[in-house]
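Everything below concerns the one structure shown next.
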Amino acid sequence: MLQTHSEYKTYRHLMLEDRIKIEILLSFGKTQIEIAAAVGCSQSTISRELKRNQPPKNKVDYNAHRSQQRSDDRKHHAAKKERFTHPFIREYVLDKITIGWSPEQIAGRIQLEYPELKTNYESIYQYIYNEKTDLIPLLPKRHRKRKKRGLKIKNRVGKIPNRISIDERPEIVNKRIRTGDLEIDTLGSRKSKQCLQVITDRMTHYTMINLLKDKSADEMMDKAIKRLEKMPAEFRRTITFDNGTENAAHMKLKDLGMETYFCHPYHSWEKGTVENTIGLVRRVFPKSTNFSTVSNEQVKKLEKLLNNRPRKCLNFMTSNEVMKLCTS
């Protein structure tokens, strides 16, 4: 006895095995009702399956594997949620991106001006990278591909022995009222192992730049020690690092009486003074620079220029001038 439609109350998607059964039963001339009973679904399910996945040419017989592929393709495209179906949001995003706003600024501003049209910066990034790739060059970082989210932060932290978090750094360091609280980082390129080490004082912005033969931990610390040991004790109190493995030998700086601290993983802005200085260095040595061709004389010349550069944060005095005041 055939089961009726009302007896199939539980809906399920057809699988490849079901479609193979349909193909075989169709070849034997079975009706849709008979096929539905054999497969264990309603007759309307069989009817929809044949309409949706029937080959374009009616003379071609139903094929289970091709029908499964068509079904999978539909699911794949259906899962791609269209971004910014509201035309005003789409136009707002396009307009602000073209004048240099970041996705974070756009999302924050649109919520301020039009609370009923909320969006978020992640949606804007996905819209650009998935639908409007021609806008990628207008983004702040201009990465052709987005970095994968959810990286394993714990593994990166665990590679540095005796690491002390920036949370434990003395509060006086945040106030920038004394010299000797330093930040350190490196910059290089894919064209060479050689790179630059940049050390910046948080208060005076006084900068020291060293040319490294590579980014090994020993090279990193040996060059820093060689430079810092020439400085008075009041200019070497604390130093803040990021979590790169080149900083693993940081304990060597204890011999100079310095305390070492580390930013939270992926929070480079917590050492913003040296990051800002690196931005200035990049104007002279961009990412395309082959540092194996850079000489110590070029590095010292740049260092001199930076330390004699008027800074708004220093009331337009230079770092060298402020340093002299601190020692007088």
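Computed over the chain, the per-residue total of -39500 (n - 2.57) for DSSP H runs of n ≥ 4 gives a 222 nm mean residue ellipticity of -12500 deg cm²/dmol, rounded to 500. Give a quick list of trypsin sites (Lys or Arg not before Pro) in the stretch 204-287 that DSSP marks as loop, anything other than H, G, I, E or B, with at most 16 other Cβ atoms within 10 Å. Passing both the DSSP loop test and the Cβ count: Lys213, Lys230, Lys287. Among the GluC sites (Glu not before Pro) in the stretch 212-300, those placed in a DSSP loop whose Cβ has at most 14 other Cβ atoms within 10 Å are Glu229. Listed values for the stretch 212-221 are Karplus-derived 3J(HN,Hα) couplings in whole Hz (6.51 cos²θ - 1.76 cosθ + 1.60, θ = phi - 60°), namely 9, 6, 6, 9, 5, 4, 5, 4, 4, 6, and x replaces Gly and Pro. Against the chain, whose longest principal axis comes from its Cα atoms, helix 87-98 is set at around 30 degrees. DSSP beta bridges fully contained in the chain are about 65 percent antiparallel. Between Met15 and Arg109, the C-beta separation translates, for a Förster distance of 45 Å, into a calculated FRET efficiency of about 0.40.
In this Cβ point-charge picture (+1 for Lys and Arg, -1 for Asp and Glu), the stretch 87-138 has a dipole of about 40 debye about its Cα centre. So what's the angle, to the nearest 10 degrees on a 0 to 90 scale, between helix 16-27 and the longest Cα principal axis of the chain? Once rounded, the angle reads 30 degrees. Using the Karplus relation 6.51 cos²θ - 1.76 cosθ + 1.60 with θ = phi - 60°, the per-residue 3J(HN,Hα) values for the stretch 189-196 come to 8, 7, 7, 7, 6, 4, 7, 10 Hz, with x marking Gly and Pro. Positive end of the dipole of the chain (Cβ unit charges, origin at the Cα centre): among Gln111, Asn296, Leu135, the Cα lying farthest that way belongs to Asn296. If R0 equals 22 Å, the separation of the Cβ atoms of Glu131 and Arg70 corresponds to a calculated FRET efficiency of about 0.40. Quick one: Karplus J couplings for the stretch 284-298, per residue in order, coefficients 6.51, -1.76, 1.60, θ = phi - 60°, nearest Hz, x for Gly and Pro? Result, ordered by residue: 8, 10, x, 4, 7, 5, 8, 6, 5, 9, 8, 9, 4, 5, 5 Hz. If you place +1 on the Cβ of every Lys and Arg and -1 on the Cβ of every Asp and Glu, how big does the dipole about the Cα centre of the chain come out, in debye to the nearest 20? Rounded to the nearest 20 debye, it is 720 debye.
Distances between placed amide hydrogens fall under 5 Å for Glu259 paired with Thr238, Ile239, all partners being 5 or more residues away or on another chain.
Mean separation of Cα pairs under 8 Å and 6 or more residues apart, divided by the residue count, gives the chain a relative contact order of 12 percent. Run the paramagnetic zone check for Arg190: 7 angstrom along Cα to Cβ, then residues of the stretch 287-305 with backbone nitrogen under 13 Å. Only 287-289 pass the distance filter. Checked against a 29 Å cut-off, the cross-linked pairs Lys191/Lys304; Lys75/Lys96; Lys21/Lys75; Lys75/Lys141; Lys191/Lys301; Lys132/Lys193 give Cα-Cα distances beyond that limit for Lys75/Lys96; Lys75/Lys141; Lys132/Lys193.
Maximal additional length on extending the Glu321-Glu168 stretch stands at 52.0 nm, based on 0.36 nm per residue less the C-alpha distance.
Between Glu34 and Lys300, the contour length at 0.36 nm per residue exceeds the Cα-Cα span by 87.1 nm. With all pairs of separate Cα atoms included, the stretch 87-138 yields a Kirkwood hydrodynamic radius of 10.8 Å.
FYI, it's all coordinate maths here, none of it is from the lab. Keep in mind that what you see is a predicted model, and the values were worked out from it rather than measured. Positions of Cβ are backbone-derived with ideal geometry, glycine not excepted, and every protein chain shown enters the neighbour counts.
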